[in-house]
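Written below as structure tokens is the structure these notes are about.
The values are calculated or read from the model by the stated rules, or taken from the named source; none is laboratory data. What you see is a predicted model; the values in this text were computed from it and never measured. All Cβ positions, even for glycine, are placed from backbone atoms using ideal geometry, and neighbour counts span all protein chains on display. When the accessible area is computed, the model is the full protein with side chains, heavy atoms only, and any ligands, DNA or RNA have been set aside. Shrake-Rupley method; radii C 1.70, N 1.55, O 1.52, S 1.80 Å.
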Amino acid sequence: MKTKQLGKSDLSITPIGFGAWAIGGSGWEFGWGEQDDKQSVAAIHRALELGINWIDTAAVYGMGHSEEVVALALRTWPGPRPYVFTKCGLRWDEQGYVHRSLNAASIRQECEDSLRRLKLDAIDLYQVHWPTEELEEGWSAMARLQKEGKVRWIGVSNFDVEEMGRAQAIAPITSLQPPYSLVRREIEHEILPYCRSEELGVIVYSPMASGLLTGAMTRKRADALSMSDWRSRDIEFQEPRLSRNLALVERLRDIGERYGRPPGQIAIAWTLREPAVTGAIVGARNAKQVAENVGAAAVCLTGKEIAEIEGKNEYAPQLVTAT
């Protein structure tokens, strides 16, 4: 796969990165249900075999477990180490409930904990997971970690234009990680133009809307999501939006059949068509899912196909999400 420079950093990343949210497993507020660590490791290895050169995780995913699984996968991987991106700013209690904190001491402790779990000397890209009123304090702490060499580059996630401006006044932002998919398009209006003008990298998350646009999600499967899977509480997986979203999947399926590819690849390719997007974070829970999705990097949709996919799909971004 061809690579693109992430913002003004020296990181050159593939169009698709491995998303490690779901492999954190269950037991916390935004878990995806039970997960087999052996399958998680196999998924990461398959992604690297297919050329993906970066992994995106977060301390909060599985309350540290995702980072530990990433470390296990890298320890048993014989090839070059991929870039490892992680995040801070979401803390959890013993019951697995999540709260936000950008307190400077908290961020420093999170960084030390992530380095220990990931078994790294430095994190390639360290990101503030969500903004809070402590934005300036938190971003100043991030800049100090960068100067100390504990993290190589610093980025933000889920920030709007005003929040990015506040951070930029303190220290340069390498990249933004926003949600972006056919179901969530709100960043197109102001955020992506800002990132282009400021030369910020953009790595989008949930390009398949957390599995909704893969082609594997059905009404029956959505109804059967366990309470340990945060998607059971997401209105995009419930009526009346579910029917609209499944109709969108059928349009993706129609286009995919012309390329001999599944709907999920078309959904990912749609996000990658946007010039401001550097790469897309694509989650997988097993090696088969990785193989099904990685081909999206080679799909170049025509203007006519994009219009056909979008149809009259109106969006109302109300996802309940931790990332």
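Residues of segment 90-121 that are closer than 23 Å to Val202 by Cβ and either aliphatic (A, V, I, L, M) or free of Cβ contacts under 8 Å to residues at least 40 places away in the same chain (or both): Leu90, Arg100, Leu102, Ile107. Selection within segment 224-242: residues that are in contact with a Lys or Arg (Cβ under 8 Å, 6 or more places away or on another chain) and assigned to a helix (DSSP H, G or I). The member of this set that is modelled with the highest pLDDT is Leu242.
Mind telling me which of the residues Leu248, Leu272 ends up being closer than 27 Å to Asn158 by Cα, at pLDDT below 90, aliphatic (A, V, I, L, M) and under 23 Å from the mean Cα position of the chain (by Cα)? Give the steps one after another, and end with the answer.
Details: Leu272 fails: at pLDDT below 90.
None of the others qualify; the one that does is Leu248.
If only one of Lys119, Lys38 is under 20 Å from Gly283 (Cα atoms) and among the basic types (Lys, Arg), which one is it?
Working: Lys119 fails: under 20 Å from Gly283 (Cα atoms).
Matching residue, one of Lys119, Lys38: Lys38.
Do you know which of the residues in segment 180-191 that are surrounded by 20 or more Cβ atoms within 10 Å (Cβ to Cβ) and at pLDDT below 95 is nearest to the chain's Cα centre (by Cα)? Filtering segment 180-191 for residues that are surrounded by 20 or more Cβ atoms within 10 Å (Cβ to Cβ) and at pLDDT below 95, the one nearest to the chain's Cα centre (by Cα) comes out as Ser181. Please verify whether Ala169 is out of contact with any Lys or Arg (no Cβ under 9 Å at 6 or more places or on another chain), open to solvent by 60 Å² or more (accessible area, probe 1.4 Å) and hydrophobic (A, V, I, L, M, F, W, C), treating the condition exactly as stated. When the stated conditions are applied, Ala169 passes them. Scan segment 212-219 and tell me whether some residue there is within 30 Å of Gln127 (Cβ to Cβ), at pLDDT 90 or above and within 16 Å of the chain's Cα centre (by Cα). No; the residues of segment 212-219 include none that is within 30 Å of Gln127 (Cβ to Cβ), at pLDDT 90 or above and within 16 Å of the chain's Cα centre (by Cα).
Only residues that are assigned to a loop (DSSP other than H, G, I, E, B), within 20 Å of Ala296 (Cα to Cα) and either touching a Pro at 6+ places or on another chain (Cβ under 7 Å) or open to solvent by 20 Å² or more (accessible area, probe 1.4 Å) (or both) were counted in segment 7-20, giving 1.
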